[in-house]
Amino acid sequence: NITVPVFSLMGLNDEPAHLEGYGPIDADTARRIAAGAPSFTRLLVHPETGVVLSVGRDRYKVPKDLKKYLRVRDETCRFPGCNRSAAHADLDHSLDWQFNGLTAEDNLAHLCPPCHALKSETRWTVKHLEAGTLRWTSPSGRAFVTEPATVIRAVEPQPPPKPASASLPMPGPEPAPF
């Protein structure tokens with residue numbers, strides 16, 4: 001396996017890749033190896049934590065770190081009005097796998113077994129909005145919104161602090177504590 005940042009693969013930067021069993025390799029070598037690869041498995045990872053957020057259509061089974069991320073995000077069953085623990089719930093593909101749903105954080109939510117059955121066997125529908133928010137529509141057309149227990153967003157880069165101006169007076173020494 002070789003892990004290559006997509007911008008390196010595209011030639012937009014030269015961030016190194018990682019060759020399993022070997023370690024870091026330069027971007028040019030990674031591009032040459034990738035050019036001869038018979039297939040690719042795309043993994044979308046969180047830019048700060050490295051948690052896998054999506055394996056797309058490559059796998060139905062949810063990877064461990066994505067499960068953990070979703071359990072922290074959801075904390076409970078995400079069906080309107082239900083508060084059963086996510087520890088006793090299923091991870092459900094909101095758009096079913098059989099209908100081309102992705103195994104991704106923005107297509108997965110915890111549903112306890114009774115709520116999972118209700119969603120699957122009735123005309124309840126769910127749509128993922130941003131930051132883990134779900135919009136549910138009942139069979140009668142009434143809308144409900146459920147919020148995640150924890151909103152996990154990518155950390156925006158902060159500008160570096162401005163240097164202290166040379167014209168400002170320097171503070172004097174602090175008085176002795178005695």
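Read the figures in this text as sums done on the coordinates, not as results from a lab. Not measured: the values here are computed from a predicted model. In this analysis, Cβ positions are derived from the backbone assuming ideal geometry, glycine residues included, and neighbour counts consider all displayed protein chains.
Numbers for the structure displayed
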{"item": "Backbone HN-Hα couplings from phi across the stretch 82-93 [Karplus 6.51/-1.76/1.60, Hz, Gly and Pro as x]", "result": "9, 10, 5, 4, 5, 4, 10, 10, 8, 8, 10, 6"}
{"item": "Additional length obtainable on full extension of the chain from residue 32 to residue 20, 0.36 nm per residue less Cα span", "result": "2.7 nm"}
{"item": "Efficiency of FRET between residue 143 and residue 60 - r from beta-carbon atoms, R0 22 angstrom, step 0.05", "result": "0.15"}
{"item": "Under-5 Å amide H pairs with residue 108, H placed in peptide plane, nonlocal only", "result": "94"}
{"item": "Student exercise, the stretch 74-146 dipole from Lys, Arg, Asp, Glu Cβ charges, in Debye to nearest 20", "result": "360"}
{"item": "Low-density loop cleavage sites - trypsin sites (Lys or Arg not before Pro) in the stretch 1-92, where at most 15 other Cβ are within 10 Å (DSSP)", "result": "42, 57, 59, 61"}
